[in-house]
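In what follows, a structure is listed as structure tokens, so that the remarks can point back to it.
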Amino acid sequence: MEPLHYMVCKSKDSELGNKAVLIIGGGLAGIQSALEQAESGNTVYLVENSPGIGGERLLYNEDSKTVDFVSPDLEKVKKNKNIRIITNADIEKVEKSNGKFDVKIKKRAIRVIEERCDDCKACIKVCPVNLWDDENQGLSFRTAIDFFDHVNPSYNIVKETPVCQRTCPVHLDIRGYIGFIADGKFEESLALIKEVLPFPSICGHICPHPCEEECNRGRIDYPLSIRDLKRFVADIELQDALKPKPLMIVKGEDKGKKVAIIGAGPAGLACAHDLALLGYGVTVFEALPRPGGMLAVGIPDYRLPRDVLEKEIAAVSAVGVEIRCNTVIGKGLSLDDLFNKGYEAVFITVGAHKNQEMRIPGEDARGVIPGVTFLRDLNLGNPADVGERVAVIGGGNVAIDSARCALRQGARDVTILYRRSRQEMPASDEEIEAAMEEGVKIEYLVAPLQVFTTDGKAAGLRCMRMELGKPDTSGRRRPIPVEGSEFDIELDTLIPAIGQVPDISFLGESSGIELTKRGTIAVNPDTLETSRPGVFAGGDCQTGPKIAIEAIAAGKKAAVFIDKYLRGK
Amino acid sequence: MVEEKKRYILEFSDIPAERQSVQELPVEERINNFNEVSLGFTEDAAVKEAKRCLSCRRCLGCGLCLAECDKDAIVFEQADEKLDISVDSMIITTGVERVCSPPPERFGYGRYANVVTDIEFERILSDNGPYVGLLIRPFDGEIPRKIGFVCWADNNEGRGESGIKSLSYAIHEAMLTKNKVDGLEISLFLPDNDDYIKELKRNDGKVPGVSTKKGGITAIKEVQESKNLIVRWDENGNVREDEFEMLVLSTMPEPTTYIIELAKKLDINLEGMMVDTLLFETSKKGIYLAGGI
């Protein structure tokens with residue numbers, strides 16, 4: 001029976017010879033090719049993805065022995081001076097130039113100095129980690145020290161950022177703080193979170209936890225409740241049962257420079273916090289009466305209690321950040337004025353608080369309250385009277401929040417109308433389920449056509465049924481109207497919540513700051529710097545509506561590059 | 001190296017199974033006010049939930065090995081290296097990867113502890129494998145007396161050359177198994193297809209005592225207590241049934257995901273370049289393929 005997986009590769013190409021050859025794959029065929037090429041006078045680079053060459057074991061060999069098969073030429077390859085072996089490496093990029101290939105190779109760290117290692121296995125005996133032994137197909141465990149191969153020991157410590165940490169926009173050491181909780185060390189856990197994240201409690205209450213989607217435990221049963229665990233340790237502190245450790249507030253030396261931040265949302269506050277710790281004088285200008293941005297005026301109290309928000313914002317003030325509410329930039333205080341007043345850098349993070357219009361007749365009637373406006377008024381203490389019957393248009397979290405708030409405002413009958421199906425709904429599953437539990441009705445595949453009014457006030461809505469067609473640019477299936485399916489509903493209040501866009505008109509025309517086609521602020525994606533030197537932008541006003549933790553990440557990133565900019569000045 | 005979903009994880013006692021749930025305000029207590037709905041974890045639940053973390057089973061940087069290594073051979077801080085080289089030609093020899101097609105879950109793989117793939121079985125047979133060469137069942141460590149090899153007898157259409165190769169491999173493993181344990185009963189399920197029968201005849205001398213069952217498998221069920229497997233198959237229109245202590249599913253060689261990714265990067269067309277190729281030039285000048293691709 002001939003071997004299954006490899007063939008002798010006799011080079012018939014006369015062009016080869018006295019040249020440089022790259023061989024990708026250090027298995028049997030790779031080894032054989034490498035030897036042939038080297039023998040015909042070529043310089044050979046043998047690049048292998050795994051930590052050792054020799055190939056994976058062969059599924060069978062001609063002797064029918066049940067031991068791992070090793071290429072007989074392995075030693076020859078290792079000794080050949082014309083062959084350079086590069087293991088644990090990936091081909092990153094190949095470019096062709098002047099008939100040659102320029103190859104970029106990334107060799108991953110193995111964390112073991114092979115010349116010193118004498119194969120004593122002491123490290124393996126003490127390693128506490130149990131991980132699936134890939135070589136044995138997961139039928140047994142191995143340690144974090146990969147042995148790779150029993151015949152050709154090649155040690156390799158597999159150290160990588162856990163998938164949760166990689167997914168988190170601020171790269172929290174989730175494994176670390178959860179480990180502390182498991183050991184009952186709550187203070188240490190919180191300290192670890194606070195090294196990176198100034199708002200553990202806020203995120204612990206409202207983060208849509210992208211990390212949990214990726215959690216490896218989810219592939220076995222359910223992912224860890226990472227968000228709720230963070231909330232648990234963060235809340236202990238808020239209840240004053242735990243005093244913040246002094247090491248959490250280590251301020252850098254006073255840099256003698258001032259930074260202005262426009263917008264006291266999660267991005268602005270995170271940036272202010274980090275810059276203040278670096279020793280800058282930071283002033284945050286907030287147009288609304290309360291700081292917090294969408295956290296304060298977008299997210300309802302039943303998701304994020306006010307005292308939680310206030311305590312964590314107070315912690316930002318405590319590191320020396322000045323927050324000036326009711327201060328609108330543009331009217332009487334322009335961007336230029338800020339620079340004239342001695343601020344050497346500006347971070348614009350005004351969020352996306354403008355409602356997208358439905359573009360249907362009757363949209364301007366009384367009783368039609370855009371979702372963001374509805375939630376803002378409610379959160380600032382001037383709730384709108386919604387009446388008994390409320391319809392909400394949209395499928396995002398603002399729509400769900402609006403519906404649940406309307407219910408709490410006394411509405412009897414709250415219906416969400418969404419033009420696609422549940423599958424395409426962008427709101428998070430837990431929010432949708434909670435809303436339904438509370439009695440919110442959701443009608444899928446329905447789009448609004450026209451608002452009916454009585455005495456200038458909204459009284460009804462004409463709708464149309466939809467069906468799903470081919471996916472559009474967003475990757476979701478495009479809704480197509482079903483002809484003749486119009487129907488009318490009666491209502492007292494209509495809350496359209498089909499999306500938000502940033503309102504950047506306050507900058508005026510001569511600000512020198514370029515916008516994108518989508519109406520967001522254009523920045524250098526690497527540094528968040530705008531087209532005007534010294535002015536940075538991030539958060540929803542730069543990306544469009546996203547989740548809080550992404551805004552926090554943007555704020556932290558801006559702090560890094562504002563610091564860099566000011567130090568270079 | 002991508003970690004795949006592994007199988008018997010719930011069997012291990014170091015992983016508490018249940019996800020803890022947070023307390024919530026009951027609906028009637030929340031729809032008339034703005035009090036927070038979620039009440040969070042109790043301390044007890046939080047600690048239990050935190051213990052569910054698998055730590056992703058990677059190096060934690062604890063430093064125990066560093067302390068233990070008296071040769072100072074371990075460097076935690078070693079960084080990745082970047083190398084730039086310039087070459088005249090490239091030879092790609094990234095081998096094959098073995099996959100089950102149709103998905104092995106259809107035969108109970110993943111659900112039934114004693115259904116393994118042929119690669120797993122090869123590990124079980126190997127002296128360097130998880131059971132140091134002892135032929136035992138993953139479920140209870142018993143030595144199986146009756147093993148069935150399933151060569152994708154899903155229907156009677158073969159799966160081309162790859163299918164034939166998976167059959168010859170199954171025959172080979174059956175032979176090794178026979179040599180290992182005396183008095184073992186081995187059955188081989190294969191499609192009632194001319195090419196397969198031909199391959200079987202070619203190997204006939206090598207596999208004495210292996211009974212072949214031709215025809216499509218219609219159902220596999222696990223016996224609750226013994227975790228044995230009851231296989232039902234269709235032979236010439238007659239439904240047959242038998243009980244096995246272990247089942248081995250055949251896999252087929254396919255191009256690795258690594259080479260598919262690489263081909264994308266290099267912009268080469270892999271179509272028609274399958275298993276067992278000699279050194280030959282690809283659609284791009286100067287790039288060659290060799291070995292089993």
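The values are calculated or read from the model by the stated rules, or taken from the named source; none is laboratory data. If you're wondering where the values come from, they're calculated on a predicted model, not measured in any experiment. Cβ placement follows ideal geometry from the backbone for every residue including glycine, while neighbour counts extend to all protein chains displayed.
Can we say residue B:46 is within 38 Å of the chain's Cα centre (by Cα), over 23 Å from residue A:86 (Cα atoms) and modelled with pLDDT of 85 or more?
The answer is yes for residue B:46.
Does the range A:100-109 contain at least one residue that is of a type in the set (Asp, Glu), under 29 Å from residue B:98 (Cα atoms) and in contact with a strand residue (DSSP E or B) (Cβ under 9 Å, 6 or more places away or on another chain)?
Checked against the condition, which is being of a type in the set (Asp, Glu), under 29 Å from residue B:98 (Cα atoms) and in contact with a strand residue (DSSP E or B) (Cβ under 9 Å, 6 or more places away or on another chain), the range A:100-109 yields no hits at all.
Could you please find all residues in the range A:1-38 being of a type in the set (A, V, I, L, M), at pLDDT 80 or above and not in a helix (DSSP H, G or I)?
A:20, A:21, A:22, A:23, A:24
Any idea which of (1) in contact (Cβ under 8 Å) with a residue 12 or more places away in the chain; (2) out of contact with any strand residue (DSSP E or B) (no Cβ under 8 Å at 6 or more places or on another chain); (3) not hydrophobic (A, V, I, L, M, F, W, C) is the one residue B:224 doesn't satisfy?
Tallying (1) in contact (Cβ under 8 Å) with a residue 12 or more places away in the chain; (2) out of contact with any strand residue (DSSP E or B) (no Cβ under 8 Å at 6 or more places or on another chain); (3) not hydrophobic (A, V, I, L, M, F, W, C), residue B:224 fails exactly one: (1).
Any residue in the range A:179-208 that is at the interface with chain B (Cβ under 10 Å from one of its Cβ atoms) and closer than 23 Å to residue B:54 by Cβ sitting within a Cβ distance under 6 Å of a residue that is among the β-branched types (Val, Ile, Thr) and part of a helix (DSSP H, G or I)? List the pairs, counting only those 6 or more apart or interchain.
Every condition considered, the pairs that remain are A:186/A:233; A:186/A:236; A:189/A:181; A:189/A:233.
Quick check on residue B:108: is it surrounded by 13 or more Cβ atoms within 10 Å (Cβ to Cβ), touching a residue at least 60 places away in the same chain (Cβ under 8 Å), within 7 Å of another protein chain (Cβ to nearest Cβ) and touching a Leu at 6+ places or on another chain (Cβ under 9 Å)?
no
Where the second residue is among the polar types (S, T, N, Q) and assigned to a loop (DSSP other than H, G, I, E, B) and the first is farther than 12 Å from residue A:212 by Cα and at the interface with chain B (Cβ under 9 Å from one of its Cβ atoms) and lies in the range A:163-178, which pairs have Cβ atoms under 9 Å and are six or more apart or on separate chains?
none
For residues that are facing chain B (nearest Cβ under 7 Å) and at pLDDT below 90, tally how many sit in the range A:215-247.
Qualifying residue count, the range A:215-247: 7.
Filtering the range A:15-52 down to residues that are among the polar types (S, T, N, Q) and more than 41 Å from the chain's Cα centre (by Cα), which residue is surrounded by the fewest Cβ atoms within 10 Å (Cβ to Cβ)?
Looking at the filtered set, the residue picked out is A:18.
What's the number of the condition residue B:103 fails, among (1) closer than 30 Å to residue B:231 by Cβ; (2) more than 7 Å from chain A (Cβ to nearest Cβ); (3) touching a residue at least 12 places away in the same chain (Cβ under 8 Å)?
Unmet for residue B:103, out of (1) closer than 30 Å to residue B:231 by Cβ; (2) more than 7 Å from chain A (Cβ to nearest Cβ); (3) touching a residue at least 12 places away in the same chain (Cβ under 8 Å): (3).
Answer yes or no as to whether residue A:485 is under 30 Å from residue A:538 (Cα atoms) and surrounded by fewer than 16 Cβ atoms within 10 Å (Cβ to Cβ).
no
Could you tell me whether the range A:104-125 includes any residue that is in contact with a helix residue (DSSP H, G or I) (Cβ under 7 Å, 6 or more places away or on another chain) and at the interface with another protein chain (Cβ under 7 Å from one of its Cβ atoms)?
yes
Looking at the structure I just gave you, is residue A:326 at positive phi and either modelled with pLDDT of 95 or more or of a type outside the set (D, E, K, R) (or both)?
yes
With surrounded by fewer than 19 Cβ atoms within 10 Å (Cβ to Cβ), more than 7 Å from chain A (Cβ to nearest Cβ) and over 30 Å from residue A:221 (Cβ atoms) as the only criterion, which of B:79, B:67 stands out?
It is B:67.
Tell me whether the range A:488-500 contains one or more residues that are polar (S, T, N, Q), under 22 Å from residue A:416 (Cβ atoms), assigned to a strand (DSSP E or B) and within 30 Å of the chain's Cα centre (by Cα).
yes
Every residue in the range A:298-337 that is more than 14 Å from chain B (Cβ to nearest Cβ), under 22 Å from residue A:547 (Cα atoms) and β-branched (Val, Ile, Thr), please.
Of everything in the range A:298-337, those that are more than 14 Å from chain B (Cβ to nearest Cβ), under 22 Å from residue A:547 (Cα atoms) and β-branched (Val, Ile, Thr) turn out to be A:313, A:316.
So, in the range B:165-218, exactly how many residues are part of a helix (DSSP H, G or I), more than 14 Å from every other protein chain (Cβ to nearest Cβ), out of contact with any strand residue (DSSP E or B) (no Cβ under 6 Å at 6 or more places or on another chain) and of a type outside the set (Lys, Arg)?
3
Checking residue A:414 against (1) surrounded by 24 or more Cβ atoms within 10 Å (Cβ to Cβ); (2) within 27 Å of residue A:210 (Cα to Cα): exactly one of these is not met. Which one?
That leaves (2) as the condition not met.
Find the residue count for the range A:412-462, including only residues that are of a type in the set (Ser, Thr, Tyr) and farther than 21 Å from residue A:386 by Cα.
Selection size over the range A:412-462: 3.
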